[in-house]
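The values are calculated or read from the model by the stated rules, or taken from the named source; none is laboratory data. Please read all numbers here as calculations on a predicted model, not as lab measurements. Every residue, glycine as well, gets a Cβ built from its backbone with ideal geometry; the counts of neighbours run over all protein chains shown. These area figures cover heavy atoms from the full protein model, side chains too; ligands, DNA and RNA do not enter into them. Shrake-Rupley method; radii C 1.70, N 1.55, O 1.52, S 1.80 Å.
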Amino acid sequence: MSAWRLASAAALLALLTWPVAGRAAERCVALEGGRVWLPSGPVEGATVVIVGERVAAAAAGAAVPEGCERVDVSGRVVTPGFVEVQSQLGLIEVEMESSTDDAHAGTQETPNPSVRASFSVADAYNPRSTVIPVTRLGGVTSALSVPDGGLIAGRSAFVDLAGGSQAEAVVRRDVAMHASVGGGGDSRAWTLGRLRALLTEARDFQTHEAAWRQNRTPPLAFPPAELVALRPVLAGTMPLVLDVDRASDIEAALRLASDFGLRLVVSGGAEAWMVADALARAKVPVIVDAMLNAPERFDRIRARADNASLLWAAGVPLLLTTASTHNARTLGQVAGNAVRAGLPVEAAMRALTETPARVFGIADRGRLAAGARANVVVWSGDPFEVSSAPERIFIGGRDIPRVSRQTLLRDRYRRLERLHAPLGLPTGAAASPR
Amino acid sequence: MSEARGRRRPWNEVGIAVAALGLVACGGAGAHVAADGKQARLIERLDAIEAAGNRPIEAPGVATGPRALLVGGTVLTAEGHRYSPGWVLIDGGRIRGVGEGEPPADERAARVDVSGRFVTPGLIDTHSHLGVYPSPSARAHGDGNEATAPGTAGVWAEHSFWPQDPGLERAVAGGVTTLQALPGSANLIGGRGVTLHLAPQRGSRAMRFPGAPVGVKMACGENPKRVYGERKQAPSTRMGNTRAFRELFLKARDASQKLAKADDEDALPRDLDSESLIAVLEGRALVQVHCYRADDMLGVLQVADEMGFEVRSFHHAVEAYKIRDILAARHVSVSTWADWWGFKMEAYDAIPENAALVDEAGARAVIHSDSARGIQRLNQEAGKAMAAGRRAGVDLSEDDALRWITANAAWTLGIEDQVGTLETGKRADIVVWDADPLSVYASADLVFIDGVLRYDRSRPQPPWSDFELGQDVQP
């Protein structure tokens, strides 16, 4: 944990000292007059200066360099782009079409391996998925694309929702390990026991690998590649995101994390409010879907609308999620519902921006501050209100057109009388294709 | 139930037009052109059959709403008026007056000050599986799909409905006062839906919305062909879907003739599946069709014309915007979401402007939920769809968007004469919101059903659901 904190502090320091001068050739845009969400909170009339891929300045009265394009955004709201941390963006095009699903691994193998720690989704990430432009139109500019299924689902990738190549879009691969316990088939005690056995063998294998290679150890219970893949989790450099809802399961997960020195992140956490103090003491972040307020499953009997605000009040690092791929664009609405249930607006904004970036170690996202990556959204109004929408979207400083497959369908069918209009005859000399 | 009868029937007009061209095949209009006497006998027998199958067991709820005057709030009527401040007078479970400014003096009425708040009709969800797929998800409670044959018109959702579903109270807390509980979409003809009033009761019969017509749930497209195709049964393709639809209706037409012709009153030929479809053919039941793709909807309309029935509403209908002119001309309503998409191929072309474009074309748009979560936030979904439409240049008022979850939904369920707007004489199904109801921040403060206060956010009560009682008695 402390190593990781040091590393992120170093990254932040590097950021703050990032040079903004001497880049005259880069595009400069100044957003002036809006209500700007700075790290300290919203400031009326502050200025955001974007130079190239970065925020050069974000402050009230920030100086606008000569030749910079000045955009009046008064009456608008400027925020860091939102970060969705529990989706399969770029991994699934159509949920029910398995040929478009790259979030699940090993499902064709027999026996179906439930431990897929070596599965890294980054190589499957499709930056041209039609889901990505749709998602951007909800003001979401980055995402953790996560694998799903099995005891250990695999490793997620942190992506920016722009760029036509993996090289551009994938910010960092192997960001976190994802796992799930509770609520199906085997006893949760058995599942947790398997997880402990796995982690124990992975830990032992670190010291016994050479002996194993010389056939001097008993056979392994788990594939060696999976054991090796778990090393960063055991070292505390890679968070383990555990999908778990029932309060007693969260307790068990906290014991597990403590015993193995893991950097635990709880995802789902329908009953997390019941163990909020323990989560706060262990500094374990919780990823909450604020729409989850009903006893939908036996694991979620005590789900309630104010889960997020109770966790926040107890001091638990809070992240908000849609828990959706195709409707990750509704992240602002999720935050609005959390606010309706009592979460302070500032806490909700952090839960969509700064906190996910910090928890997953991508320190230059989620904040409007000098040196930060210019993932910036200009909203028509309150970004959590269902009537609001982005008017400008910048990702890595790039001005993103507000176009998606859905807007093109809308435009095609906007005037039915113009649909399938015949081609007119060619005018002038008919040119034949060469 | 008789309300639906005698409505304008576009298929009749189509039938006449086709006949004029000399194209009508023998028996093309089936039971509808039977001799008047035989038709009357059929109707009489159907009435008797329905009455026998619908005997009340648990006592229906009695509306004994107080005389009360809601004053000082912004009243949104869903029939074109916004009174700010306005007032609503209720008494005996009915709306007795609605207006602007200072209400008429009424010493008998209890004054409820709703200053700064918003008053709307109770919301109506045309598509819910509450009670038939209740919370918590349990194998023992998966009662929404009788997926044992593609045509099961004879099953009734009310016979699956669990009145202890914790989702019901949450729906009311979201301002919903009426919903249609539907069978699922595994089958081409899934069975009868039931329109329910959401006051807590011990059984579904007591919850039935008085006088609401039966709904018959159908489904086109991917689901039926997947469910049966995976079992190597018919249907396994879209063309198989259509053949099965036609065969089921042909069978119902035969059954209808037999029922009308039978001489022995004490030994009528009974066939529950066909009886639900006869109700469809006779216009007594409203057809609610799960259908996503535009071309699939057109295919269902073709079967409807051939067999002689009307589609009341296409549900989900994410591509309705592509055929909104046709749906408007045929008076088919569109029950859809604000923005669900992409979970299956037939949901790939959904756009957030769907409801707005359908509305603009003159068809009735409805925002439905199909979800225990969504039903709690229909107001937000309507607000979202309105905003998407406005951004696309569709001229929409707040009243228009409110109709998507009230008046248009009431029409879809055939109860528009009773609920869906704030008008004198209608049932006093009323919601008081703490903010503009189309805002993400709005919560229902008070919910009246038949003039009876069923929910008050400021006065938490023990849970309605017996299931939820005692889930948290540990210290």
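In the assembled protein chains, A:Val140 presents an accessible area of approximately 0 Å² (probe radius 1.4 Å). Relative to the longest principal axis of the Cα atoms of chain A, helix A:247-260 runs at roughly 80 degrees. Projecting the Cα atoms of A:Ala153, A:Leu352, A:Thr191 onto the charge dipole of chain A (Cβ charges, centred on the Cα centre) puts A:Leu352 farthest toward the positive pole.
Before rounding to the nearest 500, sum -39500 (n - 2.57) across all DSSP H runs of length at least 4 in chain B and divide by the residue total; then give [θ] at 222 nm in deg cm²/dmol. Mind dumping the intermediate values first?
Working: 13 runs with 136 residues, N = 475.
Using -39500 (n - 2.57) per qualifying helix, the result is -8500 deg cm²/dmol.
Taking B:Trp87, A:Trp379 and ordering them by how much accessible surface each has at a 1.4 Å probe, largest first, produces B:Trp87, A:Trp379.
Remark: chain B carries a charge dipole of roughly 700 debye about the Cα centre, counting +1 on each Lys and Arg Cβ and -1 on each Asp and Glu Cβ. Mind giving me the FRET efficiency for A:Leu416 and B:Arg67? R0 is 41 Å, r the Cβ-Cβ distance, nearest 0.05 is fine. The calculated FRET efficiency here is 0.20.
Contact residues in segment A:85-105 by the 40 Å² criterion (accessible area, 1.4 Å probe, full protein complex versus chain alone): A:Val94, A:Met96. Over chain A, dividing the summed -39,500 (n - 2.57) contributions of all DSSP H runs of at least 4 residues by the number of residues returns a 222 nm mean residue ellipticity of -8000 deg cm²/dmol. For segment B:321-337, 3J(HN,Hα) computed residue by residue from phi via the Karplus equation (6.51, -1.76, 1.60; θ = phi - 60°) reads 4, 6, 10, 5, 5, 5, 5, 5, 5, 9, 6, 9, 7, 10, 9, 9, 9 Hz, glycine and proline entered as x. The share of Cα pairs per 5 Å bin across segment A:82-363, counted from zero up to the longest distance, runs 1, 6, 13, 17, 19, 17, 14, 8, 4, 2, 1, 0, 0 percent. Surface calculation, 1.4 Å probe, protein heavy atoms: A:Met274 sits at approximately 90 Å² accessible. Surface burial for A against B, with a 1.4 Å probe and both sides summed, reaches about 4100 Å² of accessible area.
The contact residues of segment B:370-387, meaning those that lose at least 30 Å² of 1.4 Å-probe accessible area when all protein chains sit together rather than their chain alone, are B:Arg373, B:Gln376, B:Arg377, B:Gln380, B:Lys384.
Solvent-accessible surface, computed for protein heavy atoms with a probe of 1.4 Å, shrinks by 40 Å² or more for the following residues of segment A:322-357 when the other protein chains are added to the isolated chain: A:His326, A:Asn327, A:Arg329, A:Gln333, A:Arg340.
Could you give the angle, 0 to 90 degrees to the nearest 10, between helix B:294-307's Cα long axis and the longest principal axis of the Cα atoms of chain B? Approximately 60 degrees, to the nearest ten. Net charge dipole, the protein assembly as shown: roughly 1500 debye, given to the nearest 20, about the Cα centre with Cβ charges of +1 for Lys and Arg and -1 for Asp and Glu.
With charges only on Cβ, +1 for K and R and -1 for D and E, what is the dipole size of segment A:82-363 about its Cα centre, in debye, rounded to 20?
Values: 26 positive and 30 negative charges, 135 e Å.
Rounded to the nearest 20 debye, it is 640 debye.
Estimated at 0.36 nm per residue, the fully extended path between A:Leu423 and A:Ala282 surpasses their Cα-Cα distance by 44.0 nm.
Taking all protein chains together and a 1.4 Å probe, the residues B:Ser236, A:Ser145 rank B:Ser236, A:Ser145 from largest to smallest accessible area. Accessible area per residue (1.4 Å probe, heavy atoms of protein chains only) ranks B:Leu453, B:Leu446, A:Leu423 as A:Leu423, B:Leu453, B:Leu446, with the largest value leading.
Only Cα sites of chain B enter the Debye sum here, all with the same form factor; the resulting log10 I(q)/I(0) across q = 0.05, 0.12, 0.13 1/Å is -0.18, -1.05, -1.21, listed in q order.
In percent, rounded to a whole number, the relative contact order of segment A:82-363 is 17, using alpha-carbon pairs under 8 Å and six or more apart. Here A:Glu44 sits with roughly 120 square angstrom of accessible surface, probe radius 1.4 Å. Kindly work out what percent of the DSSP beta bridges joining two residues of chain A are antiparallel, to the nearest 5. Antiparallel bridges make up about 60 percent of those DSSP assigns within chain A.
Between segment A:345-397 and segment B:309-354, what is the C-alpha centre distance in whole Å? What the calculation gives is 33 Å, centre to centre.
Solvent-accessible area per residue in segment A:82-363 equals 36 Å², computed with a 1.4 angstrom probe and all protein chains kept. Look at where the Cα atoms of segment A:129-173 and of segment B:234-295 average out, and the two centres are 48 Å apart. By the rule of a C-alpha distance below 16 Å, with chain neighbours fewer than 8 residues away ignored, the aspartates and glutamates paired with B:Lys232 are B:Glu222. So, in Å, what gap is there between the alpha-carbon centers of segment A:40-71 and segment A:276-323? Between the Cα centre of segment A:40-71 and that of segment A:276-323, the gap is 35 Å.
Using only the alpha-carbon atoms, how far is helix A:331-340 inclined from the longest principal axis of chain A? Give it as 0 to 90 degrees, nearest 10. Helix A:331-340 sits at roughly 80 degrees to that axis. Accessible surface of the protein assembly as shown, 1.4 Å probe: 52 percent of it comes from carbon and sulfur atoms.
From the cross-link list B:Lys258/B:Lys344; B:Lys217/B:Lys344; B:Lys217/B:Lys426; B:Lys225/B:Lys251, which pairs have alpha carbons spaced over 32 Å apart? Show your work: numbers first, answer last.
Values: B:Lys258/B:Lys344 42 Å; B:Lys217/B:Lys344 20 Å; B:Lys217/B:Lys426 27 Å; B:Lys225/B:Lys251 20 Å.
Correct reply: B:Lys258/B:Lys344.
Given R0 = 35 Å, the distance between the Cβ atoms of A:Gln214 and A:Asp174 translates into a calculated FRET efficiency of 0.75.
Using the heavy atoms of the protein chains alone and a 1.4 angstrom probe, what is the accessible area of chain B per residue in square angstrom? Could the numbers behind the result be given before it?
Working: 18090 Å² over 475 residues.
Accessible surface, normalised per residue, equals 38 Å².
With the convex hull drawn over the C-alpha atoms of segment B:264-368, the volume per residue is 109 Å³. Ordered from longest to shortest, the equivalent ellipsoid semi-axes for the protein assembly as shown are 49, 33, 31 Å, each the square root of 5 times a Cα gyration tensor eigenvalue.
Between the residues A:Phe119, A:Ala225, A:Ala210, the greatest Cα displacement towards the positive end of the dipole of segment A:115-254, with unit charges on the Cβ of Lys, Arg, Asp and Glu, is found for A:Ala210.
In whole percents, the pair-distance distribution calculated for segment A:89-137 from its alpha-carbon pairs, binned every 5 Å from zero, is 5, 20, 24, 23, 16, 7, 4, 1, 0. May I ask for the net charge around A:Val403, where only other residues with Cβ less than 11 Å from the Cβ of A:Val403 are counted and Lys, Arg are +1 while Asp, Glu are -1? Net of charged neighbours comes to +3.
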